[in-house]
Amino acid sequence: MKAETNTGPMLGQRHVQTFLLFLSIVVNYIAKFNAGVAVVAMTNAESTNPNFPEYDWNEMERSYILSSFFWGYIMTQFLGGWLCRRYGARLTMFVSTIGSAVLVLLVPFCVPWGGWQAYCVIRVGMGLFQGLMFPCVHAHLANWCPASERNRLGALANTGLDFGTLLAMFVSGQVAASSMGWPGIFYISCAVGVLWCIGWMIFGADSPRQSKFISKAELHYIESSISASSKQEETIETRQIPVPWKAILTSGPFWSLFLVRCTQSWGYSTLQAEIPAYMNGVLLMEMKSNALFSALPYLASWVMAFVYLIVSDILLTGGTLTITGIRKTFNSLASWLPAISLIGLSFLDSSQKTLAIVLMTVSVGINAGSTIGSALNTIDLSPNHAGILMGIVNTGANIVPILTPLLVGIIVKNEQDRVEWQVVFIISAVIFFVGNLFYILFGKMVNQPWNAADFLDQQKEPLRQEEGQAAKANAKAIEALQNEKQETAKDKDKSEEVKLEQNYDKSKLSGST
């Protein structure tokens, strides 16, 4: 009789946690990426609502504002992984989101007296807080996702990337053009962040065992699945497992992931941060329509994320492709097709608006495959250290968005010059291509040996065995020496006895004579 497999409830707390992670990414991305639209509105009030202040910031100053978030963001990635292991994802993500929400509220009050420099300082602070988030997201997914659902739930949570960017681009443009003006962008960004924090503190839990709402069946299903996939005892907690730093930093599959995420970040950040300026300068589109069409690629990306998810599920469950085949195929589509589109986009001007919008939409939409293609690879390589891996990878990947707006500021001296934008897009296309090629050649999608909870103990075992063998050899040598001394002492005693007997015999003979 075939044993019945426990899969827990069809909808359970693991799905609640996934939805909360989705929302956390959405609200943080709204605060993170509203600057692309806000800066255009704040420097061109006529295109939105002229009743609010307008600032005369040049392209380089605007580039500083866009990139300043990442100055702080890269500083706390490692810290986010460490805090998550020490205090859990629940508390760390709460601090991350509430800190960012409070700071974004300060923009309308500080910029009037502090100018673009004050805006930069605020965005650096937001970056410091939000840098704690993604290591926690990946660690939380590793704690809550059964092995068979890891790809699906991880991808669902990460659709927040596209949906958050979509809302940041579209809603920000509509709000800026409304009676609230550009300050309304920051009020709304703060409000949604605070609302998420309330829901997170009620329903969030660091692990299935700590959840107040989970059923026993789902708890057993999740814990047994994770334990079986990682071949470790259920009693070992992730935060108690030491980090094998040397093994991680000398791992080829890890560095292939690191590189492809950096190149993906270059292409994505170029598209995300510069689309509003490109459409305003080259395509000569007004802010309201600019916001709509700037958001359109991210609507396509969000829809395509579900298409990729459904296709990957079909291919996996049908046995058509392994997880390795799916990740490398999807990432190739997500990198190489947008590279081609970017090159095509760079040759268009304001007389070809429709084609330009189509190419931008296609580029960003197809790029959604990078979530399943490479973003979730940290959990493939090591569920136990997913937060730490994400901290390292995200540090590198988010140094890139510091550089891309600055490069645009150096190359693009005139926003309306198509040739200058052409250079920007071709550079991004080449980087897209090279990074994915490296990932295809060297990427791995299986648990690495250093994921094992006892990996460091196993590494020490040969040394312990050598030490034990050396100790045994020393003990035998000492024992042999002692035996030799004892034999020597016995021989000496026997020699003395013989001498005594000889002396006795001699004395006896002399006495008889």
*Name all residues of the stretch 403-430 having a backbone nitrogen under 19 Å from the label point set 7 Å from the Cα of F347 along its Cα→Cβ direction, giving them as ranges.*
417-430
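Can you compute the FRET efficiency between M75 and V102 using 1/(1 + (r/R0)^6), with r the Cβ-Cβ distance and R0 = 22 Å? Round to the nearest 0.05.
Numbers: r = 18 Å, r/R0 = 0.84.
Here the calculated transfer efficiency is 0.75.
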*Angle in degrees between helix 455-512 and the longest Cα principal axis of the chain, rounded to the nearest 10*: 10
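Quick one: plug the Kirkwood hydrodynamic radius of the chain (C-alpha pairs) into Stokes-Einstein at 4 °C, 1.567 mPa s, and report D in µm²/s. Present the calculation step by step, with values, prior to reporting the outcome.
On the way: Rh = 25.4 Å.
D, rounded to a whole number, is 51 µm²/s.
For the cross-link pairs K32/K328; K216/K328; K32/K246, which exceed 32 Å when the distance is taken from alpha carbon to alpha carbon? If you can, show how the numbers build up before the last one.
Details: K32/K328 29 Å; K216/K328 37 Å; K32/K246 34 Å.
From K32/K328; K216/K328; K32/K246, over 32 Å: K216/K328; K32/K246.
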*Note, ³J(HN,Hα) from phi for the stretch 393-403, Karplus 6.51, -1.76, 1.60, rounded to Hz, x at Gly and Pro*: 4, 5, 4, x, 5, 9, 6, 4, x, 6, 7
*So what's the convex hull volume per residue for the Cα atoms of the stretch 101-169, in Å³?*
90
*Förster-model FRET efficiency, 51 Å R0, Y87 and E487, C-beta, rounded to 0.05*: 0.15
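Between A118 and T322, what is 0.36 nm times their sequence separation minus the Cα-Cα distance? Round to one decimal in nm.
Working: separation 204, 0.36 × 204 = 73.44 nm, distance 4.98 nm.
Extra length available between A118 and T322 comes to 68.5 nm.
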*Show L161, L316 ordered by accessible area, largest first, where the area counts protein heavy atoms only and the probe is 1.4 Å.*
L316, L161
*Computed label-point distance, nm, for sites V434 and S148 using a 7 Å Cα→Cβ extension*: 4.4
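Pop the C-beta distance of D313 and H220 into the FRET formula with R0 = 22 Å and round what comes out to the nearest 0.05.
Numbers: r = 24 Å, r/R0 = 1.08.
Once the sixth-power term is evaluated, E becomes 0.40.
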*Portion, in percent, of the accessible area of the chain that falls on carbon or sulfur, probe 1.4 Å*: 65
*asked:* Nearest 10 degrees is fine. How inclined is helix 77-87 to the longest principal axis of the chain, computing both from alpha carbons?
replied: 60
*Which of V121, T76, N280, positive extreme of dipole for the chain (C-beta unit charges)*: T76
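If you average the sequence gap of Cα pairs under 8 Å that are 6 or more apart and divide by the length of the stretch 371-448, what percent do you get for the contact order?
Numbers: 27 pairs, mean separation 35.0, N = 78.
Here the relative contact order equals 45 percent.
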_Cβ charges +1 (Lys, Arg) and -1 (Asp, Glu), total dipole of the chain, debye_ = 560
_Pair Q459, A480: separation of 7 Å Cα→Cβ label points (nm)_ = 3.6
*Rounded to whole Å and sorted largest first, what semi-axes of the equivalent ellipsoid does the C-alpha gyration tensor of the stretch 306-382 yield via the square root of 5 times each eigenvalue?*
30, 12, 9
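Taking 1 over the mean of 1/r across every pair of different Cα atoms in the stretch 3-113, what Kirkwood radius in Å do you get?
Values: mean 1/r = 0.0580 Å⁻¹.
Hydrodynamic radius (Kirkwood, Cα pairs) of the stretch 3-113 is 17.2 Å.
For the chain, calculate the relative contact order in percent as a whole number, restricting contacts to Cα pairs under 8 Å that are 6 or more residues apart. Walk me through the numbers before you get to the answer.
Values: 784 pairs, mean separation 115.1, N = 513.
Once divided by the residue count of the chain, the mean separation gives 22 percent.
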*Put +1 on the Cβ of every Lys and Arg and -1 on every Asp and Glu Cβ in the chain; which of A41, W450, L296 then has its Cα farthest towards the positive end of the dipole?*
W450
*Could you go through the stretch 321-334 in sequence order and give the Karplus-derived ³J(HN,Hα) for each residue, using 6.51 cos²θ - 1.76 cosθ + 1.60 with θ = phi - 60°, rounded to whole Hz, and x for Gly and Pro?*
9, 7, 5, 5, x, 5, 4, 6, 5, 5, 5, 5, 4, 6
*Leaving out ligands, DNA and RNA but keeping every protein chain, what accessible area does V171 have, in Å² rounded to the nearest 10, with a 1.4 Å probe?*
50
*Per residue, how much accessible area does the stretch 32-156 show when a 1.4 Å probe rolls over the protein heavy atoms, in square angstrom?*
34
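The values are calculated or read from the model by the stated rules, or taken from the named source; none is laboratory data. All values reported here derive from a predicted model rather than from experimental measurement. Methodologically, a virtual Cβ is constructed for each residue, glycine included, from the backbone with ideal geometry; neighbour enumeration extends over all protein chains shown. Surface areas here come from the heavy atoms of the whole protein model, side chains and all, with no ligands, DNA or RNA. Shrake-Rupley method; radii C 1.70, N 1.55, O 1.52, S 1.80 Å.
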